[in-house]
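Engineer: Take this structure first; my questions come after.
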Amino acid sequence: MNLSINRKIFNHIIKSPTYYSEGDLTFQYRLCDDNYLGFVVPRRLGAAHKRNQFKRRCRFLFYSMKKASPTLTIGVIIQTKCINMSYKRLNRAFANLNKGLVE
């Protein structure tokens, strides 16, 4: 799984019509050849350490989601309007995304 994705893969995923939205979070996803995770987190949302904390939490939850269903290869772009979310809220959003993907 790649921690950073190139522009071609990012554009391939972002043009996908499939998305899941929960509150301020939007997940755009597409089946890919490998697992990819990208972010759209503008600077205006907060300080760098808060944006990085948000991304770290999302990466951990994405890895956990992939362990639950290892055969699924997917590319996900996460867009947010707020980075001050609790871990429980992020966990619930990833769990709902995983449940929708498995079905």
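Engineer: Report the number of Lys pairs in region 18-103 whose alpha-carbons are under 17 Å apart, with separation of 8 or more residues or on distinct chains.
Structural biologist: Here the count comes out as 8.
Engineer: Expressed as a whole percentage, what fraction of the accessible surface of the chain belongs to carbon and sulfur atoms when a 1.4 Å probe is rolled over the protein heavy atoms?
Structural biologist: 50 percent
Engineer: Where only protein heavy atoms count, and the probe is 1.4 Å, what is the accessible area per residue for region 35-81 in Å²?
Structural biologist: Normalised by residue count, the accessible surface of region 35-81 is 55 Å².
Engineer: Using alpha carbons only, how many degrees (0 to 90, rounded to 10) separate the axis of helix 48-68 from the longest principal axis of the chain?
Structural biologist: 30 degrees
Engineer: Expressed in nm to one decimal, what extension gain is obtained for the pair Val40 and His12 from 0.36 nm per residue of sequence separation less their Cα-Cα distance?
Structural biologist: Gain on extension, Val40 to His12, equals 8.6 nm.
Engineer: With r defined as the distance between the Cβ atoms of Tyr19 and Ser69 and R0 fixed at 25 Å, what FRET efficiency is calculated, to the nearest 0.05?
Structural biologist: Efficiency for this residue pair is about 0.85.
The values are calculated or read from the model by the stated rules, or taken from the named source; none is laboratory data. In this text, all values refer to a predicted model and were calculated from it rather than measured experimentally. In this analysis, Cβ positions are derived from the backbone assuming ideal geometry, glycine residues included, and neighbour counts consider all displayed protein chains. Only protein heavy atoms, including side chains, enter the accessible area calculation; ligands, DNA and RNA are left aside. Shrake-Rupley method; radii C 1.70, N 1.55, O 1.52, S 1.80 Å.
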